[in-house]
């Protein structure tokens, strides 16, 4: 059987191409809950990684242990209003942390250069908003990593595992059919989004 030639690769950002281990968002999630008297673990903070950050915060708050701790302290479960305020606090804090936590993972610039030498286009998707990526993109570029397009979670109707970021990136790259695109991600929800978009998926791990 003849192999289908690959035309493009879509990379996730945090944990896949920059910020090994997704430490930048993890520490901010821990901090915004700590500010409200609830201690969460790094594992709890990382659990929903890959999703849009508002949804990520809501999912942490809904974890049984976290929900119980919140209720014991505040007398009620975390509400949508609480989640919204935490998200509002998350954005400026995350922006500051990203300025120091966006190191490109070793080997990425060389890998991307090799892919481009073979005629492949390079796209990217992220659970970060465009505002946050305004910090990350130029820092990554200064370290030698600059994808052709970047699609952010606030630029589509819903984030991962929905396929919309992947599909928007494919459209911006003008690459089709979708089974000629490889989506690379370090989170289960990111891999699910790639599959939902009809793309080949490659999972990376620590």
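The values are calculated or read from the model by the stated rules, or taken from the named source; none is laboratory data. Model, not experiment: these values are computed from the prediction. Every residue, glycine among them, receives a Cβ derived from its backbone with ideal geometry; neighbour counts consider all protein chains shown.
Restricting region 166-177 to residues that are crowded, with 19+ Cβ neighbours inside 10 Å and in contact with a helix residue (DSSP H, G or I) (Cβ under 7 Å, 6 or more places away or on another chain) leaves a set whose member that is farthest from residue 198 (Cα to Cα) is 170. Filtered by the rule that a residue be exposed (fewer than 15 other Cβ atoms within 10 Å of the Cβ) and at pLDDT below 95, region 94-130 gives 96, 99, 100. Being modelled with pLDDT of 95 or more and either touching a strand residue (DSSP E or B) at 6+ places or on another chain (Cβ under 6 Å) or within 17 Å of residue 185 (Cα to Cα) (or both) holds for only one residue in 90, 20, 11, and it is 11.
Residues are listed down the side, and each one gets a yes or a no for (1) surrounded by 14 or more Cβ atoms within 10 Å (Cβ to Cβ); (2) within 22 Å of residue 128 (Cα to Cα):
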position	(1), (2)
17	yes, yes
34	no, yes
40	yes, yes
44	yes, yes
48	yes, yes
59	yes, yes
72	no, no
77	no, no
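The residue that is surrounded by the fewest Cβ atoms within 10 Å (Cβ to Cβ), counting only those in region 178-201 that are in a strand (DSSP E or B) and over 15 Å from the mean Cα position of the chain (by Cα), is 200. Is there a residue in region 92-115 that is more than 30 Å from residue 147 (Cα to Cα) and either assigned to a loop (DSSP other than H, G, I, E, B) or over 22 Å from the mean Cα position of the chain (by Cα) (or both)? No: region 92-115 contains no residue that is more than 30 Å from residue 147 (Cα to Cα) and either assigned to a loop (DSSP other than H, G, I, E, B) or over 22 Å from the mean Cα position of the chain (by Cα) (or both). With respect to being more than 17 Å from residue 16 (Cα to Cα), surrounded by fewer than 22 Cβ atoms within 10 Å (Cβ to Cβ) and modelled with pLDDT of 95 or more, residue 139 falls outside the description.
Taking first residues from region 58-78 that are in contact (Cβ under 8 Å) with a residue 24 or more places away in the chain and partners that are exposed (fewer than 15 other Cβ atoms within 10 Å of the Cβ) and part of a helix (DSSP H, G or I), the Cβ contacts under 9 Å between residues at least 6 apart in sequence or on separate chains come to 58/80. Scanning region 61-83 for residues that are closer than 16 Å to residue 48 by Cβ and not in a helix (DSSP H, G or I) returns 63, 78.
Against the conditions (1) under 18 Å from residue 188 (Cα atoms); (2) free of Cβ contacts under 8 Å to residues at least 12 places away in the same chain; (3) outside any helix (DSSP H, G or I), residue 43 satisfies every one except (3).
Criterion applied to 46, 85, 116 was being more than 29 Å from residue 163 (Cβ to Cβ) and out of contact with any strand residue (DSSP E or B) (no Cβ under 6 Å at 6 or more places or on another chain), and the one residue passing it is 85. Does residue 33 meet the test of being over 30 Å from residue 171 (Cα atoms) and either in contact (Cβ under 8 Å) with a residue 12 or more places away in the chain or not assigned by TED's automatic domain parsing to the domain that holds residue 153 (or both)? In short, yes.
Look at residue 119 and say whether it is at positive phi and either touching a helix residue (DSSP H, G or I) at 6+ places or on another chain (Cβ under 8 Å) or not in a helix (DSSP H, G or I) (or both). Judged against the criteria, residue 119 is a match.
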